[in-house]
Amino acid sequence: MPNQRLLSLDVFRGLTIAFMILVNNPGSWATVYPPLLHAEWHGCTPTDWVFPFFLFIVGVAIPLSVGRRLERGDGQGAILRKVGFRVLTIFGLGLFLAAYPNFGMAADAPLLKLHYILLAIAMLAVFFREALHQKQFDRPRYHRLRRILGIAALIAAAGLVVIGLFAYDLGHLRFPGVLQRIALVYGACSLLYLRLSWKGLLWATAGALLLYWLLMALVPVPGGYPPNLEPETNLGAWLDRTLMSGHLWSQSKTWDPEGLLSTLPAIGTGLLGVLTGMWIKLQRDAYQMLTVLLATGAILMALGLIWGPLFPINKKIWTSSYVLYTGGIAMLFLGVIFWLVDVLGIKAWAKPFIVYGTNPLFAYVLSGLLVKTFVNIEWETADGAHNAWGWVYQHWFGPAFASPYNASLAFAIANVLACLAIVWVLYWRRIYIKV
């Protein structure tokens, strides 16, 4: 597909983002259908497919986007600067989401209201400035408006910095995270794509998966533990505690599902996508492409299951068998969507996912901001403390469904639809928020 946009990739990306929002936002974590929860430890549910799907898609897009810049004559230096900027931006967004909205300030802090006002100004100014950075707004009056919005964002950001010097407490800010891992995988895969041939990338993928297996299976853990895959005593958990103590996932505190060592096999997931994207670029026959995608996907799934007894499939430590298994499923999904959308032309069902897929990063960040904003709108009544997120679920969804599981699922679907409505407005106005 050398000169043709792969619509199925947009659909797959949008489907992944929609499912990510769905599983992240149930009405109650106590009443969630099991397929919409992560596996407790070893094993894999459909929810465990979501994150590797997105990293796989990030990888597929690299030969299509970075490769396009190479083909038009951009130098590697300019491309690397762009890649570096994107890595820092996405990583920074991850840290911002981890700190939002209080940035460690106490609920009764005297500067908290001013912090909220400046934060709202900065966020809205940045959003509208980027929204106006589109071809249809390429007119002098919009240029002036963008400058005004940029100045407003800088002034508000400066105010936040001043408040931060006196009031922010980032001593327990989580350093790893979903966006942080996406940034690191994107940066590593882009660099390797620019430096290696497809054979080199294949060896790099195999090397990353084998090296991680050997480290986790053979290296004794400092502190007197033998090599193991237990949550708190494996090598990756020890490394996270050693380098990021106090800055890990709040639900575990002693290890992180997006930890440092497991980023190595996560890069392997991205590289599977890069290799897929490189192969797609060379194909002119749709049915050959479909056949190879489905066959390779089935083989990778089988390899993951075969490796599983030695190195169990596990999302939380991103085992090498998990990389192969989910990478294979991702290829099968892409193949089926390609057949439906790009080959048969059956596209009507895919419209919502196309909309999501054109602003994926914005949609993900938006969903996180909505949750954290509504959770932090709190009040006290005679029967206890409440927040807007829980109140909407309990009063609008709880009474409407006999089953609490159905109510929780309906609330999650409502979140997907609410984000879709906002993203659809951007799609209708041809506004694409990019970094």
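The values are calculated or read from the model by the stated rules, or taken from the named source; none is laboratory data. Keep in mind it's a predicted model, so treat the numbers as computed, not measured. Because the Cβ atoms are built from the backbone with ideal geometry, glycine has one as well, and the counts that use them run over all protein chains shown.
What are the residues in the stretch 365-404 that are in a helix (DSSP H, G or I), under 22 Å from residue 113 (Cβ atoms) and small (Gly, Ala, Ser), if any?
Within the stretch 365-404, just 388 meets the criteria.
Okay, residues lined up against (1) farther than 22 Å from residue 351 by Cβ; (2) at pLDDT below 95; (3) in contact with a strand residue (DSSP E or B) (Cβ under 9 Å, 6 or more places away or on another chain); (4) of a type in the set (Val, Ile, Thr):
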{"position": "7", "(1), (2), (3), (4)": "no, yes, no, no"}
{"position": "16", "(1), (2), (3), (4)": "no, no, no, yes"}
{"position": "32", "(1), (2), (3), (4)": "yes, no, no, yes"}
{"position": "42", "(1), (2), (3), (4)": "yes, no, yes, no"}
{"position": "50", "(1), (2), (3), (4)": "no, no, no, yes"}
{"position": "88", "(1), (2), (3), (4)": "yes, no, no, no"}
{"position": "104", "(1), (2), (3), (4)": "yes, yes, no, no"}
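Per-residue answers, yes or no, for (1) more than 24 Å from residue 373 (Cβ to Cβ); (2) crowded, with 17+ Cβ neighbours inside 10 Å; (3) not hydrophobic (A, V, I, L, M, F, W, C):
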| residue | (1), (2), (3) |
| --- | --- |
| 105 | no, yes, no |
| 109 | no, yes, no |
| 114 | no, no, no |
| 147 | yes, no, yes |
| 152 | no, yes, no |
| 155 | no, no, no |
| 162 | no, no, no |
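Out of the residues in the stretch 4-49 that are among the polar types (S, T, N, Q) and not in a helix (DSSP H, G or I), which is surrounded by the fewest Cβ atoms within 10 Å (Cβ to Cβ)?
4
Looking at the stretch 226-243, I want the residues that are surrounded by fewer than 17 Cβ atoms within 10 Å (Cβ to Cβ) and have a partner that is of a type in the set (Gly, Ala, Ser) with Cβ atoms under 6 Å, at least 6 apart or on another chain. Which pairs are those?
These pairs meet every condition: 227/217.
Cβ-Cβ distance below 9 Å, separation of 6 or more or different chains: which pairs start in the stretch 1-29 with a residue that is under 19 Å from residue 390 (Cβ atoms) and end on one that is at pLDDT below 95 and assigned to a loop (DSSP other than H, G, I, E, B)?
Hits for this filter: 27/398; 28/398.
Which of (1) touching a residue at least 40 places away in the same chain (Cβ under 8 Å); (2) surrounded by 14 or more Cβ atoms within 10 Å (Cβ to Cβ); (3) on the phi < 0 side of the Ramachandran plot does residue 136 not meet, given it meets every other one?
Failed condition: (2).
Among the residues of the stretch 324-383, which ones are under 21 Å from the mean Cα position of the chain (by Cα) and small (Gly, Ala, Ser)?
327, 328, 330, 350, 357, 363, 367, 368
Run down 208, 188, 167 and say which single residue is more than 23 Å from residue 126 (Cα to Cα), in contact with a helix residue (DSSP H, G or I) (Cβ under 9 Å, 6 or more places away or on another chain), at pLDDT below 95 and crowded, with 18+ Cβ neighbours inside 10 Å.
So the residue among 208, 188, 167 that is more than 23 Å from residue 126 (Cα to Cα), in contact with a helix residue (DSSP H, G or I) (Cβ under 9 Å, 6 or more places away or on another chain), at pLDDT below 95 and crowded, with 18+ Cβ neighbours inside 10 Å is 167.
Can you report the number of residues in the stretch 265-288 which are surrounded by fewer than 19 Cβ atoms within 10 Å (Cβ to Cβ) and either β-branched (Val, Ile, Thr) or closer than 18 Å to residue 58 by Cα (or both)?
2
Of all residues in the stretch 402-435 being among the polar types (S, T, N, Q) and surrounded by fewer than 16 Cβ atoms within 10 Å (Cβ to Cβ), which is farthest from the chain's Cα centre (by Cα)?
403
Which residue, of 416, 336, 423, is in contact with a Phe, Trp or Tyr (Cβ under 8 Å, 6 or more places away or on another chain) and of a type in the set (A, V, I, L, M, F, W, C)?
Result of the check over 416, 336, 423: 423.
When the residues of the stretch 80-111 are filtered to those that are small (Gly, Ala, Ser) and part of a loop (DSSP other than H, G, I, E, B), which remaining residue is nearest to residue 249 (Cα to Cα)?
104
Table: residues versus (1) assigned to a helix (DSSP H, G or I); (2) closer than 27 Å to residue 328 by Cβ; (3) hydroxyl-bearing (Ser, Thr, Tyr).
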| residue | (1), (2), (3) |
| --- | --- |
| 231 | no, yes, no |
| 248 | no, no, no |
| 254 | no, no, yes |
| 261 | no, yes, no |
| 264 | yes, yes, no |
| 272 | yes, yes, no |
| 275 | yes, yes, no |
| 281 | yes, yes, no |
| 288 | yes, yes, no |
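Return the residues of the stretch 150-188 that are out of contact with any Phe, Trp or Tyr (no Cβ under 8 Å at 6 or more places or on another chain) and β-branched (Val, Ile, Thr); say none if nothing qualifies.
Scanning the stretch 150-188 gives 151, 155, 161, 162, 163, 185.
If you take the residues in the stretch 32-87 that are touching a residue at least 40 places away in the same chain (Cβ under 8 Å) and among the charged types (D, E, K, R), which one is farthest from residue 232 (Cα to Cα)?
Here the residue is 86.
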